[in-house]
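Asks: One structure, as structure tokens, below. Some questions next.
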């Protein structure tokens, strides 16, 4: 255990059980799962048995189980209290997005973690997709030219489910925009830089629950580029291809399936290295472009390993709290725009 971060998990059902524990903590070379906690004790016992961990009856017991760090994957309305409890117990925290319910909650968590000298990270694992990292390098190299427009789509079929916390803004903070749009906005900011202002529409066009089942965001970036995010809980899974489109004055990067919980999709770059004058006929060539196929790495494993490395190296992780705070700031502006019907500047 000397070279491993000893992990506890709060909220062991859901994404923790499906992805982060089996693909992340169990496979990361610098991680070991010690204990788990969930409000559903039966689920928690099953998770503990499945992965060889201690089933803690409460959060205090989990924090006293010899762990170094905690992965918080509970409903968003629990994040503030739970993250602060972990920090007060001198445990590092990787908190799933959203980082609390509001900007104010995110700021409070950050303040306490700084006060206690513990690392705080946020679960935005799509930044670790190798194709996204390759696309970012292309953009940084200037091969895409001046950024012009980006689109990120993430949708699924999420019908009404009794007790589903993402379907009530009192427990999830919002619906499709908060849950999935946060990933899309974060990715576009990763590629194009900070958003300056947003205009947003949210709706309940199919499902009757309290959170929005669909949302579209228009983004104006500080560098002058434009962007769109569309995210829905009301489109069948196989009908949404989770498209990523990045356009610049020198070409484009088009991807399908790289946004999501998988480690890879299909991505192609179309780079125009010999731009000439205006072509009135606007003839499109039949070129296949350049396939971007780096060796995929599991994003949950990469996320856990990076967080662990940051602790050992006494530095901020690439998935630090700053991303979570920024996400909350942009989302707050989006929801304010949807409510007021106006363009909102981001603080």
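The values are calculated or read from the model by the stated rules, or taken from the named source; none is laboratory data. All values reported here derive from a predicted model rather than from experimental measurement. Quick reminder, even Gly has a Cβ in these numbers, built from the backbone with ideal geometry, and neighbours come from all protein chains shown.
Asks: Please give the number of the condition residue 293 fails out of (1) out of contact with any strand residue (DSSP E or B) (no Cβ under 8 Å at 6 or more places or on another chain); (2) modelled with pLDDT of 95 or more; (3) not in a helix (DSSP H, G or I).
Replies: Only one criterion in (1) out of contact with any strand residue (DSSP E or B) (no Cβ under 8 Å at 6 or more places or on another chain); (2) modelled with pLDDT of 95 or more; (3) not in a helix (DSSP H, G or I) is unmet by residue 293, namely (1).
Asks: Another question, then. Return the residues of the range 34-92 that are touching a residue at least 60 places away in the same chain (Cβ under 8 Å), surrounded by 16 or more Cβ atoms within 10 Å (Cβ to Cβ) and either assigned to a loop (DSSP other than H, G, I, E, B) or at positive phi (or both); say none if nothing qualifies.
Replies: Listed by number, the residues that qualify are 67, 68, 73, 74, 75, 91.
Asks: Within the range 219-247, how many residues are surrounded by fewer than 17 Cβ atoms within 10 Å (Cβ to Cβ), more than 16 Å from residue 190 (Cα to Cα) and over 19 Å from the mean Cα position of the chain (by Cα)?
Replies: First pass over the range 219-247, keeping only residues surrounded by fewer than 17 Cβ atoms within 10 Å (Cβ to Cβ): 222-224, 226, 228, 236-239, 241, 245.
After this cut, where a residue has to be more than 16 Å from residue 190 (Cα to Cα) as well, the list is 236-239, 241.
If we keep only those that are over 19 Å from the mean Cα position of the chain (by Cα) as well, we get 236, 238-239.
Residues flagged as surrounded by fewer than 17 Cβ atoms within 10 Å (Cβ to Cβ), more than 16 Å from residue 190 (Cα to Cα) and over 19 Å from the mean Cα position of the chain (by Cα) within the range 219-247 amount to 3.
Asks: Something else now. Evaluate the following for residue 24: is it over 25 Å from residue 310 (Cα atoms) and outside the structural domain of residue 262 (by TED's automatic domain parsing)?
Replies: So residue 24 does not fit the description; no.
Yes or no, residue by residue, for (1) outside any helix (DSSP H, G or I); (2) more than 25 Å from residue 297 (Cα to Cα); (3) modelled with pLDDT of 95 or more:
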| position | (1), (2), (3) |
| --- | --- |
| 115 | no, yes, yes |
| 126 | no, no, yes |
| 134 | no, no, yes |
| 138 | no, no, yes |
| 142 | yes, yes, yes |
| 148 | yes, yes, yes |
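Asks: Something else: Here's a check for you: in the range 159-201, which residue that is free of Cβ contacts under 8 Å to residues at least 12 places away in the same chain and on the phi < 0 side of the Ramachandran plot is surrounded by the fewest Cβ atoms within 10 Å (Cβ to Cβ)?
Replies: To start, the set of residues in the range 159-201 that are free of Cβ contacts under 8 Å to residues at least 12 places away in the same chain comprises 161-163.
If we keep only those that are on the phi < 0 side of the Ramachandran plot as well, we get 161-162.
Details: 161: 10, 162: 5.
My answer is 162.
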